[in-house]
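Written out below as structure tokens is the structure these notes cover.
The values are calculated or read from the model by the stated rules, or taken from the named source; none is laboratory data. Note that this is a predicted model, so its numbers are computed, not measured. Every residue, glycine among them, receives a Cβ derived from its backbone with ideal geometry; neighbour counts consider all protein chains shown.
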Amino acid sequence: MSAPSSTPAPLPSAPSALPGAPHLHYRGGALHVEDRPLAELAREFGTPLFVYSQASILAALAAYQRGLQGRRSLICYAMKANSSLGILRLLAQAGCGFDIVSGGELQRVLAAGGDPQRTIFSGVGKTRDEMRMALDAGIACFNVESEAELDVLDAVAQAHGTRAPVSIRVNPNVDPKTHPYISTGLKGNKFGIAHERTLDTYRRAAAMPGLRVVGIDCHIGSQITQEAPYMDAMDRMLDLVDAIEAAGITLHHIDFGGGLGINYNGDQPPQADTLWPKLLAKLDARGYGQRTVLIEPGRSLVGNAGVCVTEVLYLKPGEQKNFCIVDAAMNDLPRPAMYQAHHGIVPVQPRSGEAPTTWEVVGPVCESGDWLGHDRALAVQGGDLLAVLSAGAYCMSMASNYNARGRAAEVLVDGGRARLIRARETLQDQLRSELGLDAA
């Protein structure tokens, strides 16, 4: 085995909660989610395995609920972060509405028992079929993202014999200081109506017989870790509200989007229960404190609640790099390959007294981009289990069958109880919708 390529980091101390994951902790030398040992869950359900803490999800939601306490508000979970039915049911039962971006997501909301009248439809490419589906369901609002979409939605709603409730998504040209792939509020992004075109677009929408203007919307990006972008976006939004209402168009709600970041690697984003009182104070100062406020958190509700448990298959020392090959891959955890994102990786059962070696933690997929972590100091052997942290958002929802790999199982933990909320995908599941040449 070659020497470590950098100074190794210390093993996690035990017992203690891990940064950003208060419901993930070492107890008796073993990593637990709430009261369940991850090694025990891996034996029962196999690996790769996504495990979520119910208490962590509800605690994250409670911070938003505290921040909005006493206000007319609706928290719409941005379900693109994680659309597993078990999580959707949990959030619906806790009082959440939903932010959807496709007809499939609407069907998932309905399957989970969510309320369509507490559901808003975002996204730049809504189809006519999706619009009709949403009108049939009776959703609360369409967040319209282009003038061309206004025309199509107006025609669809008139043919449907109704008026579609709409909000215009504004692109305020505010830099969220995040990864460019998840920045959505700059002029160069595909989302929303340009700030300068917003008033004219509202005048057009208000004159359309198939539309009913109900609000205004803004979303500037994801994994935001500073307060300033939110403050800047709110100021620009409220300037527009002033102008729109001066033109005689009443806005019943103001939607400030989501995007609040989580702790992946020592990140220190504002806490929801401290950020929102500051934003609401600005709302009060501008005279809009009685308006209904909508927000669309996603990652910040589920991201730190989830881990992916993976087994070490092989150790492959090399002259330049040492490779720790695990059974989770970029099809399970796409964020590192897509965004060069950092996820903490820790042993499920730390090896006491063994010196760590620096490893490239990689999966079995045939791509050089199939990596989960660079230069990770781990004392590890084949057959050991590792936990990839902060895996509750944009992992399972972006998972694929690349290399004909089945998607992982998912488990939701509530105290000492573990419930399987998604069975491991089999090859038969993958092949069910495909037709061979003999059947074509």
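Of the residues that sit in the stretch 351-372 and are free of Cβ contacts under 8 Å to residues at least 40 places away in the same chain and in contact with a helix residue (DSSP H, G or I) (Cβ under 7 Å, 6 or more places away or on another chain), which one is farthest from Leu31 (Cα to Cα)?
It comes out as Cys366.
Mind checking which pairs have a first residue in the stretch 310-334 that is at positive phi and a second that is loosely packed, with under 15 Cβ neighbours inside 10 Å and modelled with pLDDT under 95, Cβ under 6 Å, 6 or more apart or different chains?
If the second residue must be loosely packed, with under 15 Cβ neighbours inside 10 Å and modelled with pLDDT under 95, no pairs are left.
Exactly one condition in (1) under 15 Å from Gly306 (Cα atoms); (2) touching a Phe, Trp or Tyr at 6+ places or on another chain (Cβ under 9 Å); (3) of a type in the set (Asp, Glu) is not met by Asp414; state its number.
Status for Asp414: all satisfied but (2).
Filter the stretch 140-157 down to the residues that are of a type in the set (D, E, K, R) and modelled with pLDDT under 95 and list them by number.
Within the stretch 140-157, Glu145, Glu147 meet the criteria.
Using the structure shown, decide if Arg236 is in contact with a helix residue (DSSP H, G or I) (Cβ under 7 Å, 6 or more places away or on another chain), surrounded by 15 or more Cβ atoms within 10 Å (Cβ to Cβ) and of a type in the set (D, E, K, R).
Yes.
May I ask you to verify whether Ala393 is out of contact with any strand residue (DSSP E or B) (no Cβ under 6 Å at 6 or more places or on another chain) and within 29 Å of Leu85 (Cα to Cα)?
Details: out of contact with any strand residue (DSSP E or B) (no Cβ under 6 Å at 6 or more places or on another chain): yes; within 29 Å of Leu85 (Cα to Cα): yes.
Yes, satisfied.
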